[in-house]
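The structure appears right after this line, and notes come after that.
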Number of protein chains: 2
Amino acid sequence: MNRMIGTQSCIFENHPCIAAAASVVGPKEGQGPLGSSFDIVWADEKNGTPSWEKAESLLMQTAITEAIRKAGLTEKQIRWILAGDLLNQIGASHFAIRDFQIPFLGMFGACSTMSLTLMNAAMLINAGYGNYAAAAASSHFCSSEKQFRMPLNYGSQRPLYATWTVTGSGCCIVARNTGTAEPKVCITGATTGRIIDMGIKDAFNMGAAMAPAAADTILTHFHDFHRTPDDYDLIITGDLGIYGSRLMKEMLEEQGIAAGDRFTDCGILIYDPSQDTHAGGSGCGCSAVTLAAHLIPNMLQGIWNRILFVPTGALLSQLSTQQGESIPCIAHAVVLERFS
Amino acid sequence: MNRMIGTQSCIFENHPCIAAAASVVGPKEGQGPLGSSFDIVWADEKNGTPSWEKAESLLMQTAITEAIRKAGLTEKQIRWILAGDLLNQIGASHFAIRDFQIPFLGMFGACSTMSLTLMNAAMLINAGYGNYAAAAASSHFCSSEKQFRMPLNYGSQRPLYATWTVTGSGCCIVARNTGTAEPKVCITGATTGRIIDMGIKDAFNMGAAMAPAAADTILTHFHDFHRTPDDYDLIITGDLGIYGSRLMKEMLEEQGIAAGDRFTDCGILIYDPSQDTHAGGSGCGCSAVTLAAHLIPNMLQGIWNRILFVPTGALLSQLSTQQGESIPCIAHAVVLERFS
């Protein structure tokens with residue numbers, strides 16, 4: 001069986017599908033344009049937990065539990081959880097998942113994590129290694145700011161090109177396609193990204209750092225699948241934000257790809273400019289909750305039939321920034337298709 | 001195609017094989033019992049790099065380059081690198097891999113990382129998603145001590161049950177089995193672990209924290225494959241050390257499994273007690289370099305025909321320790337078999 005296509009891509013000929021998706025977010029996300037679409041919106045950033053890290057774990061734990069419930073499954077039926085987050089040693093995931101009795105594959109792709117876990121879950125289910133896998137990612141504004149930037153208490157000013165880390169977690173249950181007749185969203189292919197580092201060193205300017213990785217993966221994807229933007233109803237990055245998206249489109253246009261209105265970004269959709277989030281949303285949770293609450297439901301309703309979901313990740317650490325290193329970045333692309 | 005077996009395991013019926021394996025270590029590992037088996041031994045801990053973190057990245061970069069070279073391949077033939085390490089945001093891996101033009105899957109399993117990346121590489125190659133994948137892991141004594149425990153300059157005393165983080169990186173090239181006649185080491189199955197947390201909070205006492213996860217995965221593996229220890233020539237954990245190994249054997253014996261001399265641990269093999277490493281070696285690099293330099297070469301020579309490779313990971317972070325949390329742990333088991 002050969003499932004390779006092109007230089008960096010693979011095809012999922014059995015069309016593993018998304019049996020259910022769930023999203024849990026903080027209050028700011030609940031007040032944004034997608035607010036009414038999320039499954040659960042917390043009233044505050046901690047929801048009764050003693051720390052921001054514990055709050056992030058609870059976000060993910062709730063998203064996974066809710067996705068399993070919405071799929072009509074029990075914990076025992078899930079063959080794997082594939083998950084990751086931004087905290088050191090993906091701590092949010094470990095403390096979220098230790099209460100489940102489900103085999104765990106830990107992944108790290110920074111803000112590209114949702115496509116990383118979704119792509120790998122599709123690989124496993126498509127190949128018959130299991131019937132159900134949960135793919136999840138989370139981020140939390142407070143735990144991220146504390147770890148990567150400034151103590152929140154300083155009240156530091158943020159540049160206008162900075163993005164706002166989403167407080168939220170999304171989870172998709174990837175299932176073996178049993179060929180039932182109802183409309184479903186399936187994962188039909190993916191392109192794994194390479195690490196791209198163009199020398200950007202400003203940890204506030206993630207959009208600019210990640211744009212080349214997004215452009216590289218999207219160009220490779222079109223090449224590998226012999227497709228153009230016209231083959232997709234929507235091509236959506238994870239958290240490039242306003243300026244990063246613009247930069248990525250310029251890069252694609254330099255390569256002869258007309259990057260029109262069908263290109264957008266989860267970070268642009270999730271907040272309203274009036275929410276003072278500057279360039280948009282970011283973090284693993286940004287693409288995870290937008291996928292679960294907005295993209296998949298709209299596909300099921302027939303608004304879009306084929307989407308390219310391309311979250312990007314900035315693979316920096318607090319230490320690499322302190323040591324003056326530039327920001328290595330990556331993007332993974334997952335093809336979602338509606339079948340009915 | 002159904003590749004599931006039991007509750008947590010899968011089989012690789014196409015027998016993906018290890019085309020080559022390479023190891024790069026620091027001076028202390030070079031002076032240990034396996035010293036003459038490593039491909040490259042550094043004369044000092046930094047090898048000309050400006051920081052311990054950069055040194056760790058160079059270890060991994062060298063191990064990957066060397067493994068590709070030993071397999072007689074070029075970079076372009078490698079479909080994926082799957083890698084991880086202990087640093088925050090798996091920083092050693094990202095800065096090691098950004099110079100390769102190879103798609104990257106970032107993984108985090110703490111000291112279980114080598115079985116995590118090897119298992120996932122086998123899943124991908126067995127299913128025909130690619131012909132070659134590189135699976136790697138690294139650790140560095142100095143970058144780990146700095147991050148997880150005490151500044152080295154303090155010269156803190158370490159308890160006798162503490163282990164010594166291995167400075168080293170190992171990489172295996174997992175290849176599609178083309179059925180050639182020469183002896184080869186193949187990956188025929190794997191058991192993915194669950195997160196187990198028995199409440200241990202002492203970050204020096206990793207062996208005790210991880211032993212229950214190792215026992216859980218090994219018991220599940222025997223159950224899923226209908227096997228006993230007698231079906232293996234060697235059952236080898238990653239870095240439980242002297243005390244953790246003893247504890248794991250007691251746990252297995254309580255469950256009716258006679259854990260005899262065929263059970264051992266990479267952390268016990270890699271140092272001599274005279275090296276003042278207390279309970280043994282640890283870190284992602286410990287099992288990675290022991291696999292590459294000792295286990296695979298001895299299998300190729302026919303000393304062992306079937307091995308169960310079960311590295312364990314302690315999924316703590318500096319922050320989770322500071323916040324008084326216990327240590328969640330995990331172990332993944334990979335079946336290695338010699339065919340000729």
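The values are calculated or read from the model by the stated rules, or taken from the named source; none is laboratory data. What you see is a predicted model, and the numbers here were worked out from it, not measured in a lab. So basically every Cβ, Gly included, is an ideal-geometry build from the backbone, and we count neighbours across all protein chains shown. Accessible surface is based on the protein model in full, side chains and every heavy atom, while ligands, DNA and RNA are left aside. Shrake-Rupley method; radii C 1.70, N 1.55, O 1.52, S 1.80 Å.
From A:215, A:209, which residue is open to solvent by less than 20 Å² (accessible area, probe 1.4 Å), within 26 Å of residue A:172 (Cβ to Cβ) and in contact (Cβ under 8 Å) with a residue 24 or more places away in the chain?
The match here is A:215.
Does any residue of the range A:49-62 turn out to be closer than 24 Å to residue A:101 by Cα, free of Cβ contacts under 8 Å to residues at least 24 places away in the same chain and of a type outside the set (A, V, I, L, M)? Walk me through how you get there before you give the answer.
Step one: filter the range A:49-62 for residues closer than 24 Å to residue A:101 by Cα, giving A:49, A:53-62.
From the residues that got through so far, the ones that are free of Cβ contacts under 8 Å to residues at least 24 places away in the same chain too are A:49.
Checking the rest, the ones that are also of a type outside the set (A, V, I, L, M) come to A:49.
Within the range A:49-62, one or more residues are closer than 24 Å to residue A:101 by Cα, free of Cβ contacts under 8 Å to residues at least 24 places away in the same chain and of a type outside the set (A, V, I, L, M).
Conditions first: (1) without any contact (Cβ under 8 Å) to a residue 60 or more places away in the chain; (2) crowded, with 23+ Cβ neighbours inside 10 Å. Residue A:323 passes all but one, so which condition is the exception?
Result: residue A:323 passes all but (2).
Can you go through B:318, B:275, B:301 and tell me which one is within 14 Å of another protein chain (Cβ to nearest Cβ) and open to solvent by 10 Å² or more (accessible area, probe 1.4 Å)?
Every option except B:318 fails the conditions.
Among the residues that make up the range B:191-204, is at least one of them touching a residue at least 12 places away in the same chain (Cβ under 8 Å), among the hydroxyl-bearing types (Ser, Thr, Tyr) and surrounded by fewer than 21 Cβ atoms within 10 Å (Cβ to Cβ)?
So far as the range B:191-204 goes, no, none of its residues is touching a residue at least 12 places away in the same chain (Cβ under 8 Å), among the hydroxyl-bearing types (Ser, Thr, Tyr) and surrounded by fewer than 21 Cβ atoms within 10 Å (Cβ to Cβ).
Scan the range B:124-172 residue by residue and report those that are aliphatic (A, V, I, L, M), under 20 Å from residue B:13 (Cβ atoms) and not in a loop (DSSP other than H, G, I, E, B). Before you say what the answer is, go through the steps one by one.
So in the range B:124-172, the residues aliphatic (A, V, I, L, M) come out as B:124-125, B:127, B:133-137, B:150, B:152, B:160, B:162, B:166.
Subset that is under 20 Å from residue B:13 (Cβ atoms): B:124-125, B:127, B:133, B:135.
Result: B:124, B:125, B:133, B:135.
Can you name the condition, by its number, that residue A:338 falls short on among (1) within 13 Å of chain B (Cβ to nearest Cβ); (2) open to solvent by 10 Å² or more (accessible area, probe 1.4 Å)?
(1)
When residue A:313 is evaluated against the numbered criteria (1) within 14 Å of another protein chain (Cβ to nearest Cβ); (2) at pLDDT below 95, which criterion, by number, is the only one it fails?
Only one criterion in (1) within 14 Å of another protein chain (Cβ to nearest Cβ); (2) at pLDDT below 95 is unmet by residue A:313, namely (2).
Name the residues in the range B:197-217 that are within 14 Å of chain A (Cβ to nearest Cβ) and either in contact with a Lys or Arg (Cβ under 8 Å, 6 or more places away or on another chain) or in a helix (DSSP H, G or I) (or both), would you? So that I can check it myself, show each step before the final result.
Taking the range B:197-217 as the starting set, the residues that turn out to be within 14 Å of chain A (Cβ to nearest Cβ) are B:197-201, B:203, B:206, B:209-210, B:212-213, B:216-217.
Of everything in the range B:197-217, those that are within 14 Å of chain A (Cβ to nearest Cβ) and either in contact with a Lys or Arg (Cβ under 8 Å, 6 or more places away or on another chain) or in a helix (DSSP H, G or I) (or both) turn out to be B:197, B:203, B:206, B:209, B:210, B:212, B:213, B:216, B:217.
Scan the range A:115-129 for residues that are surrounded by 24 or more Cβ atoms within 10 Å (Cβ to Cβ), within 9 Å of another protein chain (Cβ to nearest Cβ) and in contact (Cβ under 8 Å) with a residue 40 or more places away in the chain and report the count. Write out each step before concluding.
First pass over the range A:115-129, keeping only residues surrounded by 24 or more Cβ atoms within 10 Å (Cβ to Cβ): A:115-126, A:129.
Still in the running and within 9 Å of another protein chain (Cβ to nearest Cβ): A:116, A:119-120, A:123-124, A:126, A:129.
Next cut, in contact (Cβ under 8 Å) with a residue 40 or more places away in the chain only: A:116, A:119, A:123-124, A:126, A:129.
Number satisfying all stated conditions: 6.
Six or more apart or on different chains, Cβ atoms under 6 Å: show the pairs whose first residue is in the range A:87-101 and over 14 Å from residue B:85 (Cα atoms) and in contact (Cβ under 8 Å) with a residue 12 or more places away in the chain and whose second is open to solvent by less than 10 Å² (accessible area, probe 1.4 Å) and among the aromatic types (Phe, Trp, Tyr).
Going by the 6 Å Cβ cut-off, the qualifying pairs are A:97/A:104.
Quick check on this structure: which one of A:152, A:160 is touching an Asp or Glu at 6+ places or on another chain (Cβ under 6 Å) and open to solvent by 30 Å² or more (accessible area, probe 1.4 Å)?
Being touching an Asp or Glu at 6+ places or on another chain (Cβ under 6 Å) and open to solvent by 30 Å² or more (accessible area, probe 1.4 Å) holds for just one of A:152, A:160, which is A:152.
Being within 13 Å of chain A (Cβ to nearest Cβ) and surrounded by 21 or more Cβ atoms within 10 Å (Cβ to Cβ), is that true of even one residue in the range B:167-189?
yes
Let me spell it out: the conditions are (1) over 24 Å from residue A:215 (Cβ atoms); (2) of a type outside the set (Phe, Trp, Tyr); (3) surrounded by fewer than 23 Cβ atoms within 10 Å (Cβ to Cβ), and residue A:264 meets all of them except one. Which number is the exception?
(1)
Out of the residues in the range A:51-87 meeting the condition of being of a type in the set (S, T, N, Q) and within 18 Å of the chain's Cα centre (by Cα), tell me which one is nearest to residue A:39 (Cα to Cα).
Step one: list which residues in the range A:51-87 are of a type in the set (S, T, N, Q), which gives A:51, A:57, A:61-62, A:65, A:74, A:77.
Pick out the ones that are also within 18 Å of the chain's Cα centre (by Cα) and you get A:57, A:61-62.
Values: A:57: 17, A:61: 14, A:62: 10 Å.
Step by step, filter the range A:51-87, then rank; the result is A:62.
Mind checking which helices (runs of 4 or more DSSP H) fall wholly inside the range B:10-114 and carry at least 1 residues that are within 10 Å of another protein chain (Cβ to nearest Cβ) and buried (at least 24 other Cβ atoms within 10 Å of the Cβ)?
Working: elements: B:27-30, B:52-70, B:91-97.
Counting at least 1 such residues, we get B:52-70, B:91-97.
State the number of residues belonging to the range B:223-239 that are surrounded by fewer than 22 Cβ atoms within 10 Å (Cβ to Cβ), away from chain A (no Cβ under 14 Å) and either in contact with a helix residue (DSSP H, G or I) (Cβ under 7 Å, 6 or more places away or on another chain) or not in a loop (DSSP other than H, G, I, E, B) (or both).
The qualifying residues number 6.
Show me the helices (runs of 4 or more DSSP H) found entirely inside the range B:260-339 where at least 2 residues are farther than 21 Å from residue A:97 by Cα.
Numbers: elements: B:266-269, B:284-290, B:296-300, B:318-322.
Here the list reads B:266-269, B:284-290, B:296-300.
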